[in-house]
Amino acid sequence: MERALLVTIKLDSEKNSWKIEDMAAELEELAHTCRAEVVNNIWCQRDKPTANFFIGKGKAEELVYICQEEKIDTVIFSHDFSGTQQRNLEELIGKKTIDRTQLILDIFAQHAKTPEGKMQVELAQLQYLLPRLVGKGVILSRLGGGIGTRGPGEQKLEVDRRVLRKRIEKLKGDLKHLSLHRATLRKKRKENATPTAALVGYTSAGKSTLLNTLTNTNQPVRESLFTTLDPISRILKLTNGQNIVISDTVGFLNNLPHHLVEAFKATLEEVQEADLLVHVLDVGNSLAHERQKAVAEVLKELEVENKPIITALNKIDLIDDKSWLHSLSKDFVHPVFISAKFKQGINVLLEKIQEYFQPAMVLWKGLIPYSRMELVDLFYRQGRVEKIEYQQKGIKITANIPKSLLYNLLKEKEISDIS
């Protein structure tokens, strides 16, 4: 386990409402997720970054002393810096120095399990490295050796810009191919008129736990950041019999770097294509409002800020005094208080989801010929059968089913209405 010194910087020139102590706490959580032993967390407030060290030279020299005294292996900064700034800091401090994006990418590299997830992480890492190929390529020369360096691996040691760009284009092409495959699957859903919903929210808000609770599945859940990198979709049957596809997506973060959003656009397509967004928010967190704004910023970047949204205010089981929840609900769009872990408020959330998708359903009374008995099973699977009678002329049925299904069957004269 690497001994890490954290450097949290608050810039006056930034439009950031977060307090420096909250920024420091989140940086520490990110470092712990990378399995670092956090020895110290230094705070620094500046008007703007300097060209050579990002922080002032005096503060940089102070870090040299701290690293020697505390036997530090890695210095982690809360902000991103240029290749020149990183090289200058490493030469002065004499220790591995990484920025916030490298830290996040390291977490992604640890959690990427599928081929697509690994490709997305590698693409993000290479896009980060490309503009930083300066001098002797110090950054590339240490790939594969600890926090902030996992990913592409030792085979990239002698890579140059031309080869790097070629690899980036190859990854983009492969991801586009996978994206087209998913688009085909989504096209089939649309042809079947299957509604879709996507769970979005800040990392560790409880999206995966909620997916498990809603769909009675056992998707692995860990108490760490960014456990879900690939979209996970499940069928959710609502109480009216309607089937919808609900997807878990990668968690968001405050000031999520633009190129990370770009690299994970393939994963986030589920958000862009969803009919309804369910924003899962940890309401027990003191930064709930700030995190809500951070999520809103990413949704805006994805150009989905105008999609219908339900706010699932999660983890109410951790709140002792619930008297203030009513006033808090006024701050969010279509709020529902839940505990995904203990299944509190889940029925209310399902009612909200069903209320949105209900217009796609219709209560139909009709007659199914005995030659099409399989349609009875289809109605049970795609809707909810209210009443069924086996008569001489056929099967008389009353069912709540998708309008699109009914339209297609009536068009093909497979069934007939009972007036």
Among GLY137, GLY144, GLY148, the single one that is of a type in the set (Gly, Ala, Ser), at pLDDT below 75 and touching a strand residue (DSSP E or B) at 6+ places or on another chain (Cβ under 7 Å) is GLY148
Result of the Cβ filter at 8 Å on the range 340-369, keeping first residues that are over 25 Å from ASN218 (Cβ atoms) and partners that are in a helix (DSSP H, G or I) and of a type in the set (S, T, N, Q), at least 6 apart or interchain, is ALA360/SER404
Review point. With respect to LEU318, is the statement that it is within 17 Å of the chain's Cα centre (by Cα) and farther than 21 Å from LYS237 by Cα true?
Key: no
Reported set for the range 291-310 where residues are over 15 Å from GLY251 (Cα atoms) and in contact with a Phe, Trp or Tyr (Cβ under 8 Å, 6 or more places away or on another chain) is PRO308, ILE310
* Asked: Can you find a residue in the range 316-327 that is surrounded by 16 or more Cβ atoms within 10 Å (Cβ to Cβ) and at pLDDT below 90?
  -> yes
Condition set in contact with a helix residue (DSSP H, G or I) (Cβ under 9 Å, 6 or more places away or on another chain) and part of a loop (DSSP other than H, G, I, E, B), scope the range 3-18, selection surrounded by the fewest Cβ atoms within 10 Å (Cβ to Cβ): answer is SER17
Among residues of the range 328-352 being over 19 Å from LEU238 (Cα atoms) and exposed (fewer than 15 other Cβ atoms within 10 Å of the Cβ), the residue farthest from the chain's Cα centre (by Cα) is LYS330
Exercise. Out of all the residues in the range 38-53, is one or more assigned to a loop (DSSP other than H, G, I, E, B), within 24 Å of the chain's Cα centre (by Cα) and either among the β-branched types (Val, Ile, Thr) or at pLDDT 90 or above (or both)?
Worked result: no
- [ ] Output yes when any residue across the range 391-414 is surrounded by fewer than 13 Cβ atoms within 10 Å (Cβ to Cβ), out of contact with any helix residue (DSSP H, G or I) (no Cβ under 7 Å at 6 or more places or on another chain) and hydrophobic (A, V, I, L, M, F, W, C), and no when none is.
- [x] no
I'd like to check something: does the range 363-382 contain any residue that is under 14 Å from ILE244 (Cβ atoms), surrounded by 13 or more Cβ atoms within 10 Å (Cβ to Cβ) and of a type in the set (Gly, Ala, Ser)? no
Going residue by residue through the range 70-81, is there one that turns out to be over 30 Å from ARG182 (Cα atoms), over 30 Å from the mean Cα position of the chain (by Cα) and hydrophobic (A, V, I, L, M, F, W, C)?
yes
Over the range 278-304, the set of residues among the acidic types (Asp, Glu) and either more than 28 Å from HIS258 (Cβ to Cβ) or within 15 Å of the chain's Cα centre (by Cα) (or both) is ASP282, GLU297, GLU301
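The values are calculated or read from the model by the stated rules, or taken from the named source; none is laboratory data. None of these values were measured; they are calculated from a predicted model. Backbone-built Cβ (ideal geometry, glycine too); neighbour counts: all protein chains shown.
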